[in-house]
Amino acid sequence: MALASVQPAGAATTPQITLDPASGPAGSAVTVAGTGFKASTTGTVIVGSTTFPFQTTAAGAFSTGITIPPAATGNLAITAKTSSIKASATFVVQAATPAPAPQPAAVSSAALRFGVATAGGPLAGSELDDVASIAGEIPSIVMSYKDFLQAPPIAEMDAVRSRGATPLVTWEPWAWGGGVEQPAYALNRITAGDFDGTISQWGQSLAAWGKPVMLRFAHEMNGNWYPWAEGVNGNQAGDYVAAWRHVHDVVAATGAANVQWVWSPNVPYWGSTELAGLFPGAGYVDIVALDGYNWGTSQTWSTWVSPVDLFGPGISQLRALAPGKPVLIAETASSESGGSKAAWNTDLVSYLAAQPDVMGFVWFHLQKETDWRINSSDPSAAAFKSALLARRS
């Protein structure tokens, strides 16, 4: 028997405290247990400049909870004391393990592709990051707009490509801000070769770039709000097809085989130009598309329209005009006015995903005539994200 380990009966117990846990990050909750203190008395646990009260039992023990200060570092002394007795222990403050960085959303491999157009365009990376966060996936198509006065957007296409997406360039044969009547950009002037220098420059640049790019030339031609529509700006029936074929041939002559030509009318409406007379022919078009919006009651002339009613008739016409061609919804969005945008988002994705020839849709994520953005409301954003997830399942 080791005599040094034996205490005489009735000898005083040395006060001591234990910590559970004895280490952890700043802000940890810790239980301090003490023995050997004066019986049935009050005391405090001192942690830096903060104190926590405790009450001892008839046996001189206590147990109390404390919190390690958020700014604490290193070895932190924890002291428990009553009027005449104190004991200390050390809490080791560990560097907080950083939370795992959120994994970036990925470009989906779903058959129905998700695309977007934003106010800042392809170089506004933070806008596209926000869209990816809202949608739960990176858009696989990013659309931008250029007029005939602008150079080929190679830097923008590079930015889109770096995100794993395909650039969709809407190429508009006019000068922005000039209005519908711009005689210099009449369709017969395009066909006559007035812009062949510009067109060739674009073709050469796109060919040199060499990667897949969708080129949406002179969209919404069946309306009356752009100078390339027939019936405005001096344009006659047949002028649109002639101009399209000329532009296509000039670009093709530069060797730009990487260009996919996107023919993109507005959804047909009462009074719009018949699509049959505007279609350049299967040999001049790679993808047929539609632009369509649910304006709801945001305008005096508009009413709420479901995705099926908005796109169904136009898709049927595209299938008749260009059987076998992939279909793209090149612009779409919904207003919040007049119905449930959340339900509309769900219905849109569900409807389009059920159409085997519809390759994707591009959401117009802007505040313009109304708030078209995906996250115009929390319910809209949540429904959109859920709908995309469901179509990936």
Here the percent of antiparallel bridges among DSSP beta bridges lying wholly in the chain, to the nearest 5, is 40 percent
Expressed in angstrom and rounded, the centroid-to-centroid distance over alpha carbons for the range 16-65 and the range 150-179 is 67 Å
Normalised by the residues of the chain, what does the relative contact order come to in percent, with Cα pairs under 8 Å and at least six apart? 12 percent
Filter K211/K368; K211/K341; K146/K341; K146/K325 down to the pairs with a C-alpha to C-alpha distance above 28 Å, please. K211/K368; K211/K341; K146/K341
Between D129 and N75, what length comes free when the chain is fully extended (0.36 nm per residue of separation minus the Cα-Cα distance, one decimal in nm)? 15.3 nm
Could you give the length gained on full extension between Q236 and A151, defined as 0.36 nm per residue of separation minus the Cα-Cα distance, in nm? 27.7 nm
Reachable aspartates and glutamates, given that their alpha-carbon falls under 15 Å from the alpha-carbon of K385 and they are not under 8 places away in the same chain: D129, D130, E137, D347
In degrees rounded to 10, the 0-90 angle between helix 307-321 Cα long axis and the longest Cα principal axis of the chain is 40 degrees
Quick one: Karplus J couplings for the range 189-196, per residue in order, coefficients 6.51, -1.76, 1.60, θ = phi - 60°, nearest Hz, x for Gly and Pro? 6, 5, 4, 6, x, 4, 10, 4
What's the FRET efficiency of R245 with T303 using the Cβ-Cβ distance as r and R₀ = 25 Å, to the nearest 0.05? 0.10
Which whole-Hz ³J(HN,Hα) couplings does the range 203-219 yield from phi under the Karplus relation 6.51 cos²θ - 1.76 cosθ + 1.60, θ = phi - 60°, glycine and proline marked x? x, 4, 5, 5, 5, 5, 4, x, 9, x, 9, 8, 10, 9, 8, 6, 6
Cα lying deepest toward the dipole's positive end in the range 320-393, options A320, M359, V349, charges on Cβ: M359
Selection of GluC sites (Glu not before Pro), the range 114-162, meeting DSSP coil and at most 11 other Cβ within 10 Å: none
Once amide hydrogens are built 1.01 Å from N within the peptide plane, the residues lying 5 or more places from T170 or on another chain with amide H under 5 Å from its amide H are S144, Y145, K146, R216
How many angstrom lie between the C-alpha centres of the range 210-246 and the range 121-144? 28 Å
Using the Cα centre of the range 77-189 as the reference point, and only Cβ charges (+1 on K/R, -1 on D/E), how large is the resulting charge dipole? Debye, rounded to the nearest 20. 660 debye
Accessible area of the chain belonging to carbon and sulfur atoms, whole % at 1.4 Å probe: 55 percent
Rounded to the nearest whole Å², what accessible area per residue is found for the chain with the 1.4 Å probe? 45 Å²
Using the per-residue mean of other Cβ atoms lying within 10 Å as a proxy for protection, in what order, highest first, do the peptides 113-124, 297-308 fall? 113-124, 297-308
What dipole magnitude, in Debye to the nearest 20, does the range 169-297 give about its Cα centre under +1 on Lys/Arg Cβ and -1 on Asp/Glu Cβ? 280 debye
Report, in degrees rounded to the nearest 10, the 0 to 90 angle that the Cα long axis of helix 239-252 makes with the longest principal axis of the chain. 60 degrees
If you place +1 on the Cβ of every Lys and Arg and -1 on the Cβ of every Asp and Glu, how big does the dipole about the Cα centre of the chain come out, in debye to the nearest 20? 1840 debye
Lysines whose Cα lies under 19 Å from that of K81, excluding same-chain neighbours fewer than 8 positions away: K38
For the charge dipole of the chain, defined by +1 on Lys and Arg C-beta atoms and -1 on Asp and Glu C-beta atoms about the Cα centroid, which residue among A218, G193, V30 has the Cα displaced farthest towards the positive pole? V30
Give me a comma-separated list of calculated 3J(HN,Hα) values for the range 31-38, in order, Karplus coefficients 6.51, -1.76, 1.60 applied at θ = phi - 60°, integers in Hz, x for any Gly or Pro. 9, 9, 10, x, 9, x, 9, 4
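The values are calculated or read from the model by the stated rules, or taken from the named source; none is laboratory data. Treat the numbers as computed from the prediction; the structure is a model and nothing was measured. No Cβ is skipped: glycine too gets one built from the backbone with ideal geometry, and neighbour counts run over all protein chains shown. We work out accessible area using only protein heavy atoms, side chains counted, and drop any ligands, DNA or RNA first. Shrake-Rupley method; radii C 1.70, N 1.55, O 1.52, S 1.80 Å.
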